[in-house]
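*Asks:* So that we are looking at the same thing, I have put the structure below in structure tokens.
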Amino acid sequence: MNTVMHTGPQGFEEWNHHLFTSCGTFHAEPPVEHGAVTFAGSILPSPDVNSICSGARIVSNCRHVHRQHSDIRRDDRDFYYLVMQMKGSGVMCQEDGQTVLKPNDLVLLDVNKPCDFYFTGLSDQLSLTIPRRHIESRFRHREILLNHRIGADSRLGTLIGMLAQQLFDLEAADADESEAMLDALLALMRPSVSESPTLTCAYQQQTQVFMLQKAKVCIEAQLMNNALSPAMVADRVGTSVRNLHRLFANGDTTIGRYILERRLEQCAENLKRDGAYEKVSSVAYNWGFNDVSHFSRSFKARFGVSPREFRQQKPG
């Protein structure tokens, strides 16, 4: 089955319609450059839409795709998504956790819970829908771990990925064949999505440390930009603003406080180095402050003296 690449504003609307038909209600944000939508994407439904597991191969350069409580209430769907990252990379967010997916990694998500997907560049994903009754009957008495990466670098991950693609590609398979393949898939998935909560916690902590460091690198690169904001950082890092605030809160600070501290430290370095040759206001504006009075108050609160007094201090 061939697929058509949709482009531009009209192409985005067509792609969005196919996304709804295949996966339910989602809100996608197409990339915009110079006020124009620069969307490119395609959706390839599974050959047999009546199969026990249907789904879609979803390609797009959307930076953010999300599903809210209102969308869940609107849809009459009762299944899980098994998402496989085919090309590119993405960050999957559900239940206050986030998982970074690289090519051939997989993750299990619940259609009845809000989720956010963040991408950089063109992403290609296979989304397989598995009826809830099959998941819950086979994982009975075990905790289902959502948003837990099934790594492509593991033997189980490789086998699960192969079976997921074969289930997606089935054409007019009989019910017994589909059921047998799904049983095999779920048997392989069982240990991967019901691991020890201790291991899951450790992985989530590792991911949070990585995301926080990535956010700090982004902030460092944008300190001189007076438009720097939590929304900008979240967008570039590939997470939600809410989760970004949580990452900094875990470090006993806020993103606003962190940005202010880093700007004040850079201003202090400037005043030490060449403060005699540059106006205090110029230093403040250069490091992203919009209000000199606010800068002076914050500087004195941080260093105990005004910027001018700080500049006059002798080294040592």
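Each reported figure results from applying straightforward, stated rules to the coordinates on display, with no laboratory input. Being a predicted model, the structure only gives us computed values, none of them experimental. Cβ coordinates were reconstructed from backbone atoms using ideal geometry, including for glycine residues, and neighbour counts include every protein chain displayed.
*Asks:* Which one, Val65, Val217, Ile150, projects farthest toward the positive side of the charge dipole computed for the chain from Cβ point charges (K/R +1, D/E -1)?
*Replies:* The residue sitting farthest along the positive end of the dipole is Val217.
*Asks:* Calculated from DSSP H runs of 4 or more alone, at -39500 (n - 2.57) each and per residue, what is the 222 nm mean residue ellipticity of the chain, nearest 500?
*Replies:* Details: 12 runs with 149 residues, N = 316.
Calculated mean residue ellipticity at 222 nm is -15000 deg cm²/dmol.
*Asks:* Just to be sure I understand, if you calculate Kirkwood radius over Cα pairs in Å for this structure, which of (1) 20.0; (2) 22.2; (3) 20.8 do you get?
*Replies:* Answer label, from the structure shown: (2).
*Asks:* Quick check: the angle from helix 292-303's long axis to the longest principal axis of the chain, C-alpha only, nearest 10 degrees?
*Replies:* So the inclination is approximately 90 degrees.
*Asks:* For the pair Gln166 and Phe20, what calculated FRET efficiency results from E = 1/(1 + (r/R0)^6), where r is the Cβ-Cβ distance and R0 = 25 Å, to the nearest 0.05? Each step should come with its number before you reach the end.
*Replies:* Working: r = 26 Å, r/R0 = 1.04.
The pair Phe20/Gln166 has a calculated efficiency of 0.45.
*Asks:* Students often forget the sequence filter, so: which lysines lie under 21 Å Cα-Cα from Lys272 once same-chain residues fewer than 8 apart are removed?
*Replies:* Partners within reach: Lys300, Lys314.
*Asks:* Which value results for Rg/Rh of segment 116-160 when Rg is the Cα radius of gyration and Rh the Kirkwood radius based on the inverse mean 1/r?
*Replies:* On the way: Rg = 13.6 Å, Rh = 13.3 Å.
We get a ratio of 1.02 for segment 116-160.
*Asks:* Okay, moving on. Can you give the longest stretch of the chain with no exposed loop site, where a site means GluC sites (Glu not before Pro) in a DSSP loop (not H, G, I, E or B) with at most 15 other C-beta atoms within 10 Å? Display every interim value, and only then the final one.
*Replies:* Details: sites that count: Glu95, Glu143, Glu171, Glu195, Glu278.
Segment 1-94 is the longest.
*Asks:* Could I ask something else about it? Obtain the nm distance between the two label points defined at Ala187 and Glu265 by a simple spin-label model: each point lies 7 Å from its Cα along the Cα-to-C-beta direction.
*Replies:* A separation of 5.5 nm, rounded to one decimal place.
*Asks:* Need the list of aspartates and glutamates near Lys102 for cross-linking: C-alpha distance under 17 angstrom, and skip anything on the same chain fewer than eight residues off.
*Replies:* Correct list for Lys102: Asp116, Asp124, Asp153.
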